[in-house]
Amino acid sequence: MPLYLRNLTLVEEQLIAPCKAFGFIAKLVGSSPVHYRHCKGHMIVVPQNVQPLFKILPSRDLRLSETIKVMWVGKSRPSDEELRPTLQVRRDVVLNALLGLKRDNNLFRDVEVDHELLNS
């Protein structure tokens, strides 16, 4: 796996994806970000004609609030600091991933990077 795709957060993966997943399940365990483990669940991905979806990335049509939901079980709500390693968006990481994919992956060669959206 190329270095620029390693350690992407869940949200960053959604921003560079050429098609959109309907959902994602992650079980976060531990009392600090260092001890978190992901336990991914089963997903069904419906085949899509991706050509019209990934001409411009990140897509302005992607509504992360509709795709990603955070639920917790337990007596206390996780702090923002505890959730940050999973839910943060690092603009420079997203940009580097998109530029690397454009350079190294034929499916991304014609993708336009929306710098205006990344900088907003």
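The values are calculated or read from the model by the stated rules, or taken from the named source; none is laboratory data. Remember, it's a predicted structure, so these values are computed and weren't measured experimentally. Each accessible area value is taken on the protein alone, full model and side chains, heavy atoms only, with ligands, DNA and RNA left out. Shrake-Rupley method; radii C 1.70, N 1.55, O 1.52, S 1.80 Å.
One table, with the values for the structure above:
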{"read-out": "Amide proton proximity set for residue 56, modelled H, under 5 Å, gap of 5+", "value": "112"}
{"read-out": "Distant-in-sequence amide H partners of residue 20 (H built 1.01 Å from N, under 5 Å)", "value": "none"}
{"read-out": "Rounded accessible area of residue 1 (nearest 10 Å², 1.4 Å probe)", "value": "150"}
{"read-out": "Using θ = phi - 60° and Karplus 6.51 cos²θ - 1.76 cosθ + 1.60, couplings along region 103-120 (whole Hz; Gly, Pro as x)", "value": "6, 9, 10, 4, 5, 9, 4, 8, 6, 8, 8, 8, 5, 4, 5, 5, 8, 8"}
{"read-out": "Solvent exposure of region 71-120 as accessible area per residue, Å², 1.4 Å probe", "value": "74"}
